[in-house]
Amino acid sequence: VQLQASGGGLVQAGGSLRLSCQVSGTVFKANDMDWFRQSPGKERELVAAISGDGSTKYADSVQGRFTISRDLAKSAVYLQMSSLKPEDTAVYYCHAPQIGRHLNQWGRGTQVTVSS
């Protein structure tokens, strides 16, 4: 199983980015999927999650600005980020608690940098 995150980049405060997480190597069903982020010197934190039934949850710091979604046909999970702030600067990782028999799967991160 591979999770490949992409879509990061440099954006000005107030701007938007859309991160993608492509899942390959397995049949992608309505699995629970998460986005985490990690800034230098800080612990990795959960940003957004989508469960098998499509319900979502967000960190308080991104509530109302970020949206997680899933496209089963494309085996992908997305994180739409709007009204970005400098404090959103981090490496963003997609994560699957379980896909089939594969537990705790992480993708390589994608860097998001928000300039003030």
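So that you can scan it fast, the table gives a plain yes or no per residue for (1) touching a Leu at 6+ places or on another chain (Cβ under 7 Å); (2) in contact (Cβ under 8 Å) with a residue 12 or more places away in the chain; (3) over 14 Å from Thr113 (Cα atoms); (4) in a strand (DSSP E or B):
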site: Gln22; (1), (2), (3), (4): no, yes, yes, yes
site: Asn31; (1), (2), (3), (4): no, yes, yes, no
site: Gly41; (1), (2), (3), (4): no, no, yes, no
site: Ala48; (1), (2), (3), (4): yes, yes, yes, yes
site: Val77; (1), (2), (3), (4): no, yes, yes, yes
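Within the range 63-85, the set of residues being open to solvent by 70 Å² or more (accessible area, probe 1.4 Å) and of a type in the set (A, V, I, L, M, F, W, C) comprises Leu72, Ala73. The set of residues from the range 86-105 being surrounded by fewer than 18 Cβ atoms within 10 Å (Cβ to Cβ) and of a type in the set (S, T, N, Q) comprises Gln98, Asn104.
Right, Tyr78: under 16 Å from Gln111 (Cβ atoms), modelled with pLDDT of 95 or more and not basic (Lys, Arg) or not?
Working: under 16 Å from Gln111 (Cβ atoms): no; modelled with pLDDT of 95 or more: yes; not basic (Lys, Arg): yes.
The answer is no for Tyr78.
Here the range 6-58 is the region considered, the condition is being of a type in the set (Lys, Arg) and over 20 Å from Ser83 (Cβ atoms), and the residue that is surrounded by the fewest Cβ atoms within 10 Å (Cβ to Cβ) is Lys42.
The values are calculated or read from the model by the stated rules, or taken from the named source; none is laboratory data. Note that this is a predicted model, so its numbers are computed, not measured. So basically every Cβ, Gly included, is an ideal-geometry build from the backbone, and we count neighbours across all protein chains shown. Just the protein is used for accessible areas: all its heavy atoms, side chains included, with ligands, DNA and RNA removed. Shrake-Rupley method; radii C 1.70, N 1.55, O 1.52, S 1.80 Å.
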